[in-house]
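K.L.:
Would you mind keeping the following structure in view while I ask a few things?
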Amino acid sequence: MKDKTVAILESRVRDHIASLVRKYGGTPFLAPALAEIQDVDPAHIQELIRDWNSTPPDIFIFQTGVGTRALFAATDSLGLTSVLLRQLDAAQVIVRGPKPTTVLHSRKVRIDRAASDPFTTHEVLAEMQKTSLRGKRVVVQRYGETNRELQTTLESEGAVVIEIVTYRWTLPEDTAPLRRLIDALGHDEIDLMAFTSASQARNLFAVAEYDGKEASLKQSLGRTLVASIGPVCSAALRKLAVRVDIEAKPPKLGPFIDAINAALSDPRRLG
């Protein structure tokens, strides 16, 4: 990717991605599209845990390390961690990936099932295929937004889904970098757009729509290489009528950067 400009919409690990782009000779254009806001309501957590004493959940699904850690921080402050641990011990615990696994292991929580690589919703549901869900109470630790695919599938199988909200995603308070990115795309100053989540794509278009630039953004992206971290992100981009040129396989940061570097080093892609 030597001498190429790569737009990075990531917030949490943007500096790491930027350093990888520089390592390969590229120039990062930082335009964070997501803000992660803590959204734990201690009173709600307290109410849930007390309710679970009388109507215990059958299954807990933990999707992210950040959210799992936030839940335990809330129960620590409420003095209810020991109660939650007993409830987890009496239920089936399913994890989506290594990050929530690490947090749960630090609390000595038994893990019954773990999604396989690449740790997407598809793998979580695959782990649950042999489990009858009718009438089961399933607690889902939500990440930045509701996992609609997971919730819809669980409910279609007859489960009662209870979400634990620990944090949410929103637009950054400062959207000026996104506006500069939209202008840079319009002037063909960006060689590749790197999307690492579906929410980034939706937020980029929300800013463009607010400024009356949605149509021009679509035209600009049509002239620019677009890279997606994985199938969920790709589906969101296609729903926005954005062509996806590169998709990481597996959907992880290392293969994502490698695929971007390969594409920006291929004269056929750039032609």
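The values are calculated or read from the model by the stated rules, or taken from the named source; none is laboratory data. All figures in this text were calculated on a predicted structure; none of them were measured in a lab. Note that we place each Cβ from the backbone using ideal geometry, even for glycine, and neighbour counts take in every protein chain shown.
K.L.:
If you check Glu189 against the conditions, is it closer than 30 Å to Ala31 by Cα, surrounded by fewer than 19 Cβ atoms within 10 Å (Cβ to Cβ) and not assigned by TED's automatic domain parsing to the domain that holds Asp51?
P.N.:
Criteria met by Glu189.
K.L.:
So, in the stretch 176-194, of the ones that are without any contact (Cβ under 8 Å) to a residue 24 or more places away in the chain and assigned to a helix (DSSP H, G or I), which residue ends up nearest to Ser11 (Cα to Cα)?
P.N.:
Ala176
K.L.:
A follow-up question, please. Can you tell me which residue is farthest from Ala241 (Cα to Cα) among those in the stretch 168-183 that are touching a helix residue (DSSP H, G or I) at 6+ places or on another chain (Cβ under 9 Å) and at pLDDT 95 or above?
P.N.:
Looking at residues that are touching a helix residue (DSSP H, G or I) at 6+ places or on another chain (Cβ under 9 Å) and at pLDDT 95 or above, I get Thr175.
K.L.:
Check the stretch 67-80 and report whether any residue there is within 30 Å of Ile246 (Cα to Cα) and either touching a residue at least 12 places away in the same chain (Cβ under 8 Å) or touching a helix residue (DSSP H, G or I) at 6+ places or on another chain (Cβ under 8 Å) (or both).
P.N.:
yes
K.L.:
Please determine whether any residue of the stretch 35-52 is under 30 Å from Asp183 (Cβ atoms) and surrounded by 15 or more Cβ atoms within 10 Å (Cβ to Cβ).
P.N.:
Yes, the conditions are met somewhere in the stretch 35-52.
K.L.:
Filter the helices (runs of 4 or more DSSP H) completely within the stretch 7-81 down to those with at least 2 residues that are more than 23 Å from Trp169 (Cβ to Cβ) and either modelled with pLDDT under 90 or not assigned by TED's automatic domain parsing to the domain that holds Arg179 (or both).
P.N.:
Here the list reads 42-54, 65-78.
K.L.:
Another one. Considering only the stretch 209-227, state which residues are loosely packed, with under 15 Cβ neighbours inside 10 Å and either under 13 Å from Leu237 (Cα atoms) or outside the structural domain of Leu178 (by TED's automatic domain parsing) (or both).
P.N.:
Gly222, the sole residue that qualifies.
K.L.:
Looking at the stretch 245-259, I want the residues that are in contact (Cβ under 8 Å) with a residue 40 or more places away in the chain and have a partner that is part of a loop (DSSP other than H, G, I, E, B) and β-branched (Val, Ile, Thr) with Cβ atoms under 7 Å, at least 6 apart or on another chain. Which pairs are those?
P.N.:
Listed by first residue and then by second, the contacts come to Pro251/Thr120; Pro251/Ile229; Phe256/Ile229.
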